1. Can you tell me which of 729-738, 763-772 comes out highest on packing, and rank the rest after it, using the mean Cβ neighbours within 10 Å?
2. For the range 435-488, with all protein chains present and a 1.4 Å probe, just round the carbon and sulfur fraction of the accessible area to a whole percent.
3. Can you tell me the FRET efficiency between ARG386 and LYS451 if r is taken as the Cβ-Cβ distance and R0 is 51 Å, rounded to the nearest 0.05?
4. How do the peptides 891-898, 755-762 rank, highest first, by the average count of neighbouring beta carbon atoms within 10 Å per residue?
5. How far apart, in nm, are two points set 7 Å out from the Cα along the Cα-to-Cβ line at GLU626 and at LYS900?
6. Among 276-283, 834-841, what's the highest-first ranking by average C-beta atoms within 10 angstrom per residue?
7. What net charge do the residues around TYR651 carry, taking every other residue with its C-beta under 10 Å from that of TYR651, with Lys and Arg at +1 and Asp and Glu at -1?
8. With each label point set 7 Å from Cα along the Cα-Cβ vector, what nm distance links MET373 and GLN265?
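The values are calculated or read from the model by the stated rules, or taken from the named source; none is laboratory data. Values in this document were obtained by computation on a predicted structure and should not be read as measured data. Here the Cβ positions follow ideal geometry from the backbone for every residue, glycine too, while neighbour counts run over all protein chains shown. These area figures cover heavy atoms from the full protein model, side chains too; ligands, DNA and RNA do not enter into them. Shrake-Rupley method; radii C 1.70, N 1.55, O 1.52, S 1.80 Å.
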Amino acid sequence: MEETAEPEEAKPRLCGYLKIGIKLGLVKTFKKRWFVFDDVRCKLLQYRGPNDNQPLGEINIAQACFSYDISDAEHLGLFEIRHKQQVWHLQASEAQTRMFWLQELQKHRRSYSYKQTSLSHSSSRTSRKVESSEDKGLAHPPLISVECPETATQMLAPVAPPSEEIGEHVADKKEAWTPDFNTITSQLKNALVLKKPLKSKDSYTLNEECCVDTVPTTQTLTNKDPMKKARLPTLKAFYRRRMSTNAETARILSSSEQECTKCQQLELFIMTLREDLAAADAELGAARTSNSELQKKIDCLELHRSSWNFLNSCDLEKDKLELLHNREEQTIDMQHQVALLSKQEQILNSKIETLEFENKDFKSNLSMFEETMQAKDEVVMSLSHRIIELEEEAENHRHCKKTGARVDGRSKFYEDDDVTSLREAEIKMREARDQITDLEDAVSAFETQNKFLSMEILELHQLREDGDVREVNLHTTCKEWEARYYQIHSKYLMLLNEWNKPRREGEQEEASTQEVVSRLLHDAIDGEELGLPEHPTRLSDSGSELYDAYGFSRHSMVSGGDASQSVIQKAEILKLRYEDIISKITDLDRVSVQVKWENFMAGLGSRDPARSQEVKNLVRAGVPHEFRCRIWSWCVDSRVAPKRAALPPKYYHSLLSARHGSTKHNPAAKQIELDLLRTLPDNKHYEDMSSAGVPKLRRVLLALSRHNPIVGYCQGLNRVAAIALLLLGEEQAFWCMVAIVEHIMPPDYYSSTLMAAQADQRVLKDLAAEKLPRLASHIDRYGVDLSLFTFNWFLCVFVDTSVSVELYLRIWDAFLYEGGKVLFRFALAILKQHEPAILQLNNYMAIYKHMQSMGTCCPDYKKLTHVAFGELNPFPMKHIASRRQAHLLQVKAEFEELQKMREEFQSSQTVETERDIWCEEDIT
């Protein structure tokens, strides 16, 4: 066996947590949300969390522009996205993460625009490449990839992706920790101890440990006895620590955060609580503002109501005039009060200005005092150093007196002055370096912003050029179709003119008319004479009109037929295509389901979906063609994963290897070979021995017969395997067959006796009598056996010539997800839809013919699904299982009785044969 090449690793998705600005009344706050970029539609989807199925909103990146402001020191990672009249404010955790998001969004926007422009005309700037994979089915839609070249003027270096904040693993990491509320008090105390500032000038506290219940012993230094020689080094260390308090504290905090994971978890929890508290405060403020406004309106309405009641109660005009005079007096009083209040306001404003001026004076005095204090501190430090040096000098002087040496005190004094000036110069140099570093960082930030905005301008200019190219291509295509329309219209008018010519009675049709009609028929049949370019997103296939997306023939063309028959078939094909296009445009429910599936798959990423009611509803609504491969594979894996994990990695290939023996020794091989071309004869993947699906179908059925010798091969499995191969890869189709035969369907369903299949037919008959009593009694009255039509539905999972392709593919969606109960639901739903028509028929043959074509006469899949999963409820599986068991016992008893009758018949036949032999010997 040839080993298939390993698939290339998929590129990581652009997803992660961002904060988005949300308005709550009059207050704007930020909420943390999970954002995922959808490559197919070029949209940034916003989810509440990574496990949500449907997004809260979406941002169209294809026509959006990006910018950010570095002057906002409070929100370092803030950037904005603008599209038309909408603005979204998003915030990343840091500036590097922000730049990564912006560069990735720019790159994806450029790639999407380039792809749309390249596919809009055949002579594109790059060649299209169709990607195919062995793990996809025969009818899986091929992917058209267009490689986008890098921008020639790349100004910014690409930012490395922050692995801790971008990617699907971030979601699992964020949800890994749950707070322990039993130790939350002690953790808060330890966090406060770490971040507690110095309280006094003469004490210094340093906690070397973190996340402990008791505060460790602190090292306290006081200045009670400065003249002692043993305390002098400690005093120097104290002043050095005071000069570098901020840097030391930051270093301690950073090292403690790296060493203690509990503090990091606690900070994350506190951050979440603060966000919730801020959101609650914002909502409370908005509610208070709205309440005050409503209270004002209520007071105004109460005043109007009291006035109106008083006016209604007044019978005389005098009373009404008196009320008006009172209102005027009140108005004048209010005006005087307003004027008085405005004067008071002016006085208060002047006082405020005076106080502000005094405040400025106080601030200037405070700064002077601070400078004075700083100078005093420097003097204290210099004096302290001087005291230390004088004590050392005195000590040396006493020592010199003892030894008789001389001390030059004056030179020592000058030396001390030089040391002090050098230290001051060193401090000023350090401050100047810090300022230069800050200025360099600011210049670098502005330079990065300038480069990014320049790149954004170039990108937007390129987007505009791509849009112009697409507009020109669409205009050209419209002109070509318009020309084609006028051509067909002119031929149609010519034909009408020829037919409108007056003729005498009995006059034959002229040769010119026959020539016009034959030419028009020839143009209608020959599709290549249209001379129009194909749609760029569709693969060039000469038989695209003859087959649907799954390879099934739209209409069986009659070989050697006359021209009229070909025209009728062509007209039917065009009518089907017309109805399909119209349904895609006008069916809003179909569009809504498609959008829901796209949002669900975009948020899912490479993760497997979880079983939920929302996913079940999506599957019941129908899985789109482009997502069926993945959804079916997930349904199959969820059932066979334990068995598959217990077997060797290449178990399927080992079943097909030579050690299992030749196919000649397999009793099922001959029947499999006979059924290959009888499986789906109207599908191009199985129409002859050279088709691509026939060898795969043979291998899957042989592997299944070797994997499960008890079942071997049963007629009907070939159709099931053929449908699986249309949507799944070869090996995955084999495991799909294993899931259906051994997990979804009951045992003995595909055995030689088909006992479980016969029992299901009796269960269906009971359910029909329960859910559809009129129909059941009607077909029983005329002796129609329901299993004649439904047995193949259950055995082949509705893959039957009497059922339309789109219908049984939708049944397969729900069947693989929910199980065998779906077969009963849809069988009864089809019967319920045809119940009124069947009740109108009054003979056996009419009922038989109508029920033969029930599956092909159900075009309204939405209504059928509603009947199956809505009107037939309740539909408990326990009820079906109990009836299955009862009917299965009955079938087994009937089979054993039939087996006994066969054995008795065979024994009697043996006795009669021996008696005939004895009689012949006696005669001879």
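1. Ranking the peptides 729-738, 763-772 by packing returns 729-738, 763-772.
2. 62 percent
3. Values: r = 55 Å, r/R0 = 1.07.
Once the sixth-power term is evaluated, E becomes 0.40.
4. By packing density, highest mean first, the sequence is 755-762, 891-898.
5. Placing both labels 7 Å along Cα→Cβ, they lie 6.3 nm apart.
6. By packing density, highest mean first, the sequence is 834-841, 276-283.
7. Value of the local net charge: +2.
8. 4.2 nm
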